[in-house]
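Encoded as structure tokens, the structure appears first; notes follow it.
Derivation of every value follows stated rules applied to the coordinates shown; laboratory data play no part. Small disclaimer: the values here were computed from a predicted structure and weren't measured. Note: ideal-geometry Cβ built from the backbone for every residue, glycine included; neighbour counts use all protein chains shown.
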Amino acid sequence: MTNLKDIKNRINSIQSTKKITRAMKMVAAAKVKKAENSVKASRPFTYELKNMFEKMLASINDDGAFIENLHIESPIDNYPKLLERREIKNVGLLVMTSNKGLAGAYNSNIIRRTLETIKNYTDSGVGVKLFVIGQKGENGLKRKITRFGIDITKTYFNVIDKADVSNTYYVVEDLAELFVSGQIDKIELITTRFKNMMSYFVENWQILPLENVNHNNKFDGIIESLMEFEPNKPSILQQIVPMYLTNIIYQAVLEAQASELASRMTAMSAAANNAEKILSELSVEYNKIRQAAITNEIVEVVSGANAQLG
């Protein structure tokens, strides 16, 4: 028979766990609304920047003379190379996970998608360079990717906890350097898109080369007549391309933060409910065993009394 002391210890332990999970749920709930507001506030700018950028690219004509005179200090300034399309021999995968756990299946879903993506590329003969944002991503991928014969090229731990453009710009600089040098021919981001408090989606975003940009758009002439560039298109694009790339990753950070907090809130709510259910079951078991012990003691006392009377 189970010892009453053991059951009591389990009850005390689960009660402590329940307090922790409830506290974590409350913290996540307090933060997720702010994160949701940040996501919704930034989406219109991100979408408009993308639309404007695509229109600019659709209006480009031969500005080779201006390109030759561009002042390029770093790879991220070399927009002609960043917009270059070439055969995909190596791809750079930027994976966005969290630094903290206890968020349900949030990180494991991203890691699973990452492994699937790596397998698809390696099976097609495409090399992969892996960049990981978040401690959980590094821990979860480090051993699992060895079977593909690749390592994590670089990790970033400060990006996900605080949404800051300067942090995302640092990531873009690293990726731009490899893209311009030809070490990677495509940049893909594996992240989450926040839907609501109860759900999110794991998605692959192609960063470079740009998708859905038609340089021979039938509206080129109209766009050309409506857009004026001072001092010239290449100079403007040299500013817009880094802004666009940085903003895409910044938006992904905001989406990931909201998704992580929503997942943590849901997971901690489920954990607290499960703890309550287990406590109820343990209390019933505890009372049954205690009642049985009391009954046995009464039987022993009555038996002893009857023996003395007999």
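Roughly how many Å is it from the Cα centre of segment 143-174 to that of segment 224-281, as a whole number?
What the calculation gives is 15 Å, centre to centre.
For Ile187, which sequence-distant residues (separation of 5 or more, or a different chain) have an amide H within less than 5 Å of its own amide H, given hydrogens modelled in the peptide plane?
Excluding prolines and chain starts, which carry no amide H, the hits are Gly92, Ile207, Leu208.
If you project the alpha carbons of the chain onto the principal axes, what extent comes out on each, in Å, largest first?
Largest first, the chain extends 120, 41, 33 Å along its Cα principal axes.
Are there any trypsin sites (Lys or Arg not before Pro) in segment 139-201 that are in a DSSP loop and have at most 12 other Cβ atoms within 10 Å? List them by number. Each step should come with its number before you reach the end.
Values: sites: Lys142, Arg143, Lys144, Arg147, Lys154, Lys162, Lys186, Arg193, Lys195; in loops: Lys142, Arg143, Lys162.
Listed in order of number, the matching sites are Arg143, Lys162.
What list of ³J(HN,Hα) values in whole Hz, one per residue of segment 13-30 in order, does the Karplus curve 6.51 cos²θ - 1.76 cosθ + 1.60 (θ = phi - 60°) give from phi, with Gly and Pro shown as x?
Running phi through 6.51 cos²θ - 1.76 cosθ + 1.60 with θ = phi - 60° gives 5, 5, 4, 5, 5, 4, 4, 5, 5, 5, 5, 5, 4, 5, 5, 5, 5, 5 Hz.
Picking from Phe229, Phe201, Phe53, which is most flexible by a Gaussian network model of the chain using Cα springs under 10 Å?
Checking each option, the largest mean-square fluctuation is seen for Phe229.
Measure off 7 Å from each Cα along the Cα-to-Cβ vector at Lys154 and Lys195, then give the distance between these two points in nanometres to one decimal.
3.4
Where does helix 165-180 land angle-wise versus the long Cα axis of the chain, in degrees 0 to 90, nearest 10?
Tilt of helix 165-180: around 60 degrees.
Using a 10 angstrom cutoff on alpha carbons, build the Gaussian network for the chain and name the most mobile of Glu54, Glu260, Glu87.
For the chain, modelled as a Gaussian network with Cα springs under 10 Å, the answer is Glu87.
For segment 21-268, give the magnitude of the charge dipole about the Cα centre (Cβ charges: +1 Lys/Arg, -1 Asp/Glu; no others), in debye to the nearest 20.
On the way: 31 positive and 29 negative charges, 384 e Å.
With Lys and Arg at +1 and Asp and Glu at -1, about 1840 debye.
Want the number for Val27 to Lys144: 0.36 nm per residue separation, take away the alpha-carbon distance, what's left?
Residue separation times 0.36 nm, minus the Cα-Cα distance, leaves 38.9 nm.
Between Glu116 and Glu48, what is the FRET efficiency for a Förster distance of 35 Å, r being their Cβ-Cβ separation, to the nearest 0.05? Please report the intermediate quantities before stating the final value.
Values: r = 32 Å, r/R0 = 0.92.
Once the sixth-power term is evaluated, E becomes 0.60.
Work out the P(r) tail for segment 1-157: percent of alpha carbon pairs separated by more than 19 Å, whole number. Intermediate values should be presented prior to the final figure.
Numbers: 9104 of 12246 pairs.
Value for segment 1-157: 74 percent of Cα pairs lie more than 19 Å apart.
Using just the helices of the chain, give the 222 nm mean residue ellipticity in deg cm²/dmol: DSSP H runs with n ≥ 4 each add -39,500 (n - 2.57), and the total is spread over all residues, rounded to 500.
Working: 8 runs with 189 residues, N = 310.
That comes out to -21500 deg cm²/dmol.
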